[in-house]
1. Identify, from the list Gly299, Gly256, Gly288, Gly321, the residue that is part of a loop (DSSP other than H, G, I, E, B) and touching a Ser or Thr at 6+ places or on another chain (Cβ under 9 Å).
2. Just checking, does region 88-111 include any residue being crowded, with 22+ Cβ neighbours inside 10 Å and polar (S, T, N, Q)?
3. Against the definition (open to solvent by less than 40 Å² (accessible area, probe 1.4 Å) and among the aromatic types (Phe, Trp, Tyr)), how does Trp387 come out, yes or no?
4. For the structure I just gave you, tell me whether Ser274 is over 24 Å from Ser236 (Cα atoms), among the polar types (S, T, N, Q) and part of a helix (DSSP H, G or I).
5. Which of (1) free of Cβ contacts under 8 Å to residues at least 12 places away in the same chain; (2) of a type outside the set (Lys, Arg); (3) buried (at least 18 other Cβ atoms within 10 Å of the Cβ) is the odd one out, the single condition Ala361 does not satisfy?
6. Anything in region 174-189 that is assigned to a loop (DSSP other than H, G, I, E, B) and surrounded by 18 or more Cβ atoms within 10 Å (Cβ to Cβ)? List them, or say none.
7. I'm trying to understand the selection: among the residues of region 324-341, which are in a loop (DSSP other than H, G, I, E, B) and crowded, with 18+ Cβ neighbours inside 10 Å?
8. Quick one: which residue in Ala451, Ala446 is among the hydrophobic types (A, V, I, L, M, F, W, C), modelled with pLDDT of 55 or more and closer than 16 Å to Arg47 by Cα?
Amino acid sequence: MSSNATVTAKEILSLSFSLDQFFLIIMGMVVYFMQCGFAFLEAGAVRSKNVTNILIKNVMDSFVSGIAYWIFGYAFAYGDGGKAQKFIGATYFASYDMPVDQYASFFFQYTFAATAATIVSGAVAERCEFIAYFAYSFVITGTFILLLKTFSYFDIAFFGFIYPVVTHWAWGSGWLVDGYNYGGDIGQIAYQDFAGSGVVHVLGGVCAFIGAALLGPRIGRFQKGSNVVGTLRGHSVPIAALGGFILFFGFLAFNGGSQLTISSEGDGAAVAVSVVNTIISASFAAFGSLIINRLHIFGNTWSLLVTINGALTGMVAACAGCNQMHPWSSAVLGLFAAMSYTLWSTVMKKMNIDDPLDAVAVHFGGGITGVILIAFLDKDDGILFNWDKKSGLKLGWQFVGLAAIIGWSALFSLVIFGILKCFGVLRVPREIEDKGLDIPKHNEPAYPVEAYGHGHIEKLIQILERQPMVVTQGYTQMAYENESYTTENEFQDKGVHETPETSAAVRIRNGTPSNGYRTVLTISNGTTPSTSDATKM
């Protein structure tokens, strides 16, 4: 009887362990699918001439991160650092001597590392060199290798490990997770960041800010000598919205999966609380962002993209303490996240820093909101529930952790982006930026000319040879045979396009030819293509 009981206990223990492994793998797969969400969101938010470029960067995010995190990142984050354990790990390089039971943990943590790198790609979209992308992705997720040639040999110096080191501090065995023991009734106080408001999102937001600032704005984004902010519209709102929905889905696993186990008592409830609080925070943040943007001072429109970004900001803010809040607290958090998103989006524009995806506002703004407010909203020892010294010290540790993450990521971001800029490999040349990165860099236009059917005016290749700086592709309504069209059918794209010097206007005029419908493109500098360039429908 005793033997049978022992065997049963071992089987239960084995089953529990297998359930935890399976839980991490499944949650990691869902988080990995967020790469698809980022890809669609960014593809829809950029112009059609740069879609292939932004997609290949998102595809490579997961693979560059896979190489870097496998070789260096996981070792720095969760390895045994010996005497340097409070600062960094130093075992399991390239999974050497790593126990098989840690493979699930490696995969789950790798998906988080890939997310941190992807945040940056949106902020530097449409003008960043491909080689520069590889460099910063490798640095953020693993380490950066500098080859120094001295006479007849190479020295390899490892000097930049942004995300893994911060992970070790806050989630491994580092100084932030250990905190400080104040003794007495207070006891141990440490930095709190359940799913990475600070570790993932503030870090990624800081890197995105530095990258966008050093890279400079896209051509036509800010008018020199004035306060005019040009609207460089993305080419597809539906694609961006699809990406947003995929990210909403992925965030539920991002936060819920951060429980890391599912077999222990209370694990299921903790996952449920995390998921519920995440969706509530997102809901209030989305609604708050929509209403704020409807105010005349911020835009006076019911914006879909602002609503999506607002919801994402609410989810980012919930990461810090979604497992430790009441649902009403997450609602309050969501409203503050909406205000934070609007504030940082406005600040970025005022500073003339071009962020096509509002990545800094979403991730940095939402991240700092979550890290700070959990010190107030934690249901066990938050300031709103326990107005005492312990809750005050908790807030202090949140600021300490925030300062450490911002300082570390800003320092190494300045180093890597600064080096790339000094060597002239950070930004693409102006002529390539004007024409778009898809064809010059990849020879794979997302929407090739020959793919267009009847009803579109498509003389882009011939016209670009004459006026590559100012012409964008135009569309008109279909013309029916024997119908007469007047100047009332004139359409004008009022958006700011490639160059501020040309006023960026491309006008499409409808004529009344005797045998059908003809469209003439009028270039903003006054030149008009010959009648042979007109398209007959």
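1. Working: Gly299 fails: touching a Ser or Thr at 6+ places or on another chain (Cβ under 9 Å); Gly256 fails: part of a loop (DSSP other than H, G, I, E, B); Gly288 fails: part of a loop (DSSP other than H, G, I, E, B).
Answer to the selection: Gly321.
2. Within region 88-111 (the criterion being crowded, with 22+ Cβ neighbours inside 10 Å and polar (S, T, N, Q)), the answer is yes, since at least one residue qualifies.
3. Working: open to solvent by less than 40 Å² (accessible area, probe 1.4 Å): no; among the aromatic types (Phe, Trp, Tyr): yes.
No; evaluated as a whole, the condition is false for this residue.
4. Numbers: over 24 Å from Ser236 (Cα atoms): yes; among the polar types (S, T, N, Q): yes; part of a helix (DSSP H, G or I): yes.
Yes: the conditions hold for Ser274.
5. (1)
6. Our first condition is that a residue be assigned to a loop (DSSP other than H, G, I, E, B); within region 174-189, this holds for 174, 179, 182-187.
Within region 174-189, Gly174, Gly179 meet the criteria.
7. Start the filter on region 324-341 by keeping residues that are in a loop (DSSP other than H, G, I, E, B), which leaves 324-326.
Gln324, Met325, listed by residue number.
8. On the way: Ala451 fails: closer than 16 Å to Arg47 by Cα.
That would be Ala446, the only listed residue that is among the hydrophobic types (A, V, I, L, M, F, W, C), modelled with pLDDT of 55 or more and closer than 16 Å to Arg47 by Cα.
The values are calculated or read from the model by the stated rules, or taken from the named source; none is laboratory data. Every value quoted in this text rests on a predicted model; they were computed, and no experiment measured them. We place every Cβ from the backbone using ideal geometry, glycine too, and count neighbours over all the protein chains shown. The protein model used for the area step is the full one, side chains on, heavy atoms only, and it has no ligands, DNA or RNA in it. Shrake-Rupley method; radii C 1.70, N 1.55, O 1.52, S 1.80 Å.
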